1. Answer with yes or no whether Val71 is over 23 Å from the mean Cα position of the chain (by Cα), modelled with pLDDT of 95 or more and among the β-branched types (Val, Ile, Thr).
2. If a residue has to be more than 22 Å from Glu291 (Cα to Cα) and touching a Ser or Thr at 6+ places or on another chain (Cβ under 6 Å) to count, how many in the stretch 307-328 make the cut?
3. Given Ile298, Ile288, which one is modelled with pLDDT of 95 or more, crowded, with 24+ Cβ neighbours inside 10 Å, farther than 23 Å from Phe61 by Cα and over 22 Å from the mean Cα position of the chain (by Cα)?
4. Out of (1) within 19 Å of Gly359 (Cβ to Cβ); (2) crowded, with 21+ Cβ neighbours inside 10 Å; (3) β-branched (Val, Ile, Thr), the odd one out for Val246 is which?
5. Do we have any residue at all in the stretch 454-461 that's assigned to a loop (DSSP other than H, G, I, E, B), open to solvent by less than 20 Å² (accessible area, probe 1.4 Å) and in contact with a strand residue (DSSP E or B) (Cβ under 7 Å, 6 or more places away or on another chain)?
6. Search the stretch 156-174 for residues being without any contact (Cβ under 8 Å) to a residue 24 or more places away in the chain and in a helix (DSSP H, G or I), and hand back the single one that is surrounded by the most Cβ atoms within 10 Å (Cβ to Cβ).
7. Tally time: how many residues in the stretch 315-365 are within 25 Å of the chain's Cα centre (by Cα) and at positive phi?
8. From Ala76, Ala56, which residue is at pLDDT 95 or above and in contact with a helix residue (DSSP H, G or I) (Cβ under 6 Å, 6 or more places away or on another chain)?
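The values are calculated or read from the model by the stated rules, or taken from the named source; none is laboratory data. Quick caveat: nothing in here was measured; it's all calculated off a predicted structure. Cβ placement follows ideal geometry from the backbone for every residue including glycine, while neighbour counts extend to all protein chains displayed. All accessible areas refer to the heavy atoms of the entire protein, side chains included, with ligands and DNA or RNA removed. Shrake-Rupley method; radii C 1.70, N 1.55, O 1.52, S 1.80 Å.
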Amino acid sequence: MPQSLLATDGYKFSMAEAGWPLRKETFYYSHRKGGPQVMPLDLEAWVKGLLPEPQADDYAFLARHDYEMGVGFKAAMLRKERLSVRAVPRGALFLPREPILTITGPSALVSWLEPLLLQLNYRIQVATQALQDREALARTLATVSCEEEKRIALETLDQVGVRSMSIQVDSEGYLRRVRAQVKELVDIVEDPSRIFEVGLRAATCLEQHTLALRACQEAGVQRTSNVEGARQLGMIPVGTMGHEHVQRYGSDDAAYRAMHERRPQRSSYLLDTFDTLTSGIPAAFKLIAEEPQGGDSIRFDSGNKKLQYLYAVTRARDLGIKPVIILEDGLDAQMTREFEELRKQVGWEPTTQFYGYGGHIVARTMSHALTRDRVAAIYKLSCSGATPVMKFGNELAEGKQSVPGTPIIFRRRTGTGPLGLVGQAGEATPQGYFPLMEAAPSSPSLVGSEGLTPEEQRIGYTATTQALVESITRRHFPQGR
């Protein structure tokens, strides 16, 4: 059954309007950690089964909530035949940081897929653990949050040829845990309107996320990034900008201005695509100073957020501006307390500081540990038009630098060297390797992964990919990082 057009995050709609919805772009999916894992399904067929069928009511709802979509977006969502999928075959083993799936097509369409596509991590984790230790998985999945989560687990067991197991559904228990989690946050910030929910990408399925949203509502939180969830529950959809938007434009200044000048609503400037202190904050503050009463906000997302926060507050006061501050990325109750204390210390008004929570609300309240964070699943823009792009982030040690171009995987067959090489589509196969994405499907198995050391699990870049990385890095950081 096709998905609703609204079954995605709100910022996908704002970025499409401020970008190029019909531009040919490539995104890739990867797990940053988690050891060797197995692909349980035919990815191309699964991805195409996620595609939406837009309805007039969808666009009417978007328009009522400041996301009126133009003709370019509407055309992009109908061009499904232009979608091209490259993926590891069913049954394949893959390693952390390998780009196991690339999707190329109209920008708005391939971007739209992200929240639903990231839920793939749950299927992969179920499949991998089922093949490693069925009894351990039975203990892990003794209780789940909803019927859809249970159905996915049982379907995955069948796909990998592992005998079914007893799984209980405890939706009330999940609701109770989420409600308590959100109530604690509301008690800390003292006003539920200062909190919004952004956990669709952290959920295992849409049904589970709807449950989480109901609990949020009961605790007083009324805003969510899940647009379909907002429609179903009478909440307010929110979201302005993600890293892909800044990558598209190649600079913070150009990206921020595009959002500010192409959408009449307030904008939220994401600071860390290249570097928060030297690029994101200066570009955002320059634009905000031009229209200081516009109500635009800045959003911190990685690195040392306390340092960034203090620098931003000091610099804003020097410039005589007062941007709204938004904090996300891994926030929990303790971090919220710390940032509320910082806010009070610097005298920042509570009505201009907001918090967004994803995994803390949606995933940490699950009854099992098969969460997105456990494998660090990502879906990143890697090529916009003919231009390869990257996300850098603030801390190289965080390992958040993304892969550019149209990446593919070469797997070592003979000889020495990294077990996996990240190459580029159309690149000649290195000696001793074979193109994993062109391999035939097989029965899912972990044979070959036993006893692999961390060193043996490492991946490398081909000369072509390495040259791309170096070229893009020099372009953005001519003085070096």
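1. Yes; evaluated as a whole, the condition is true for this residue.
2. Summing the residues that are more than 22 Å from Glu291 (Cα to Cα) and touching a Ser or Thr at 6+ places or on another chain (Cβ under 6 Å) in the stretch 307-328 gives 1.
3. Ile288
4. Here Val246 meets the rest and fails (1).
5. Among the residues of the stretch 454-461, not one is assigned to a loop (DSSP other than H, G, I, E, B), open to solvent by less than 20 Å² (accessible area, probe 1.4 Å) and in contact with a strand residue (DSSP E or B) (Cβ under 7 Å, 6 or more places away or on another chain), which makes the answer no.
6. Asp158
7. Residues that pass the stated criteria total 2.
8. Ala76
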